[in-house]
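> Could you have a look at this structure, given as structure tokens, before my questions?
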Amino acid sequence: MDAFVILLSASRPEWWPWCASMATVGEVLGGYLTYRLAERGGQEILERKLGKSRAGKLYKLFEKGGFITVFAGAILPPPFPFTSVLMAAGVMRYPRKQFFSALTAGRVVRCFAAAWFGRIYGQQMIGFYSRIYRPATYVLIELAVVAGVGTLIYYKWYRHRTSVRTS
């Protein structure tokens with residue numbers, strides 16, 4: 001989402017507030033959908049996804065400061081497992097008004113920052129990536145092939161051996 005907001009803001013600098021607003025609306029609606037699904041019975045899924053100990057730590061974070069947990073998660077970039085935070089909010093039945101305000105505030109900060117940086121630095125970023133487009137594409141294809149082969153090896157040999165040992 002951030003990449004699209006940056007690209008759109010770079011291509012039409014005068015539209016950057018509109019791009020950020022629409023991205024925020026989409027992110028908040030998607031986050032609310034995840035919250036509602038988890039509210040209806042996502043505890044088992046969350047604990048299976050994270051493990052009981054990590055889910056317990058997330059529950060404790062919500063007990064200490066649910067607003068800050070959702071707000072910080074909404075700002076942090078993609079490697080952060082934000083879906084887990086949304087699911088934990090639903091599982092713990094975190095109040096909807098507080099959830100909406102924390103999620104909206106965090107996503108407004110993130111989307112507007114991405115759009116503003118796209119407006120300011122977007123043309124330079126597009127110029128840079130257009131110069132390295134071909135080599136970067138080859139590197140990404142090579143990484144995808146290596147990851148695919150590694151995944152195949154893991155599932156064919158390693159995972160099979162560990163499941164045989166536990167049986």
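The values are calculated or read from the model by the stated rules, or taken from the named source; none is laboratory data. In this text the structure is predicted, and so the values were computed from the model without any measurement. Note: ideal-geometry Cβ built from the backbone for every residue, glycine included; neighbour counts use all protein chains shown.
> Is it fair to say Thr166 is of a type in the set (Ser, Thr, Tyr) and modelled with pLDDT of 95 or more?
No: the conditions fail for Thr166.
> Could you check segment 1-58 for helices (runs of 4 or more DSSP H) lying wholly inside it with 1 or more residues that are at pLDDT 85 or above and loosely packed, with under 13 Cβ neighbours inside 10 Å?
So the answer is 2-11, 16-39.
> Looking at segment 104-133 only, could you name the residues that are surrounded by 14 or more Cβ atoms within 10 Å (Cβ to Cβ) and not in a helix (DSSP H, G or I)?
Answer for segment 104-133, where residues must be surrounded by 14 or more Cβ atoms within 10 Å (Cβ to Cβ) and not in a helix (DSSP H, G or I): there is none.
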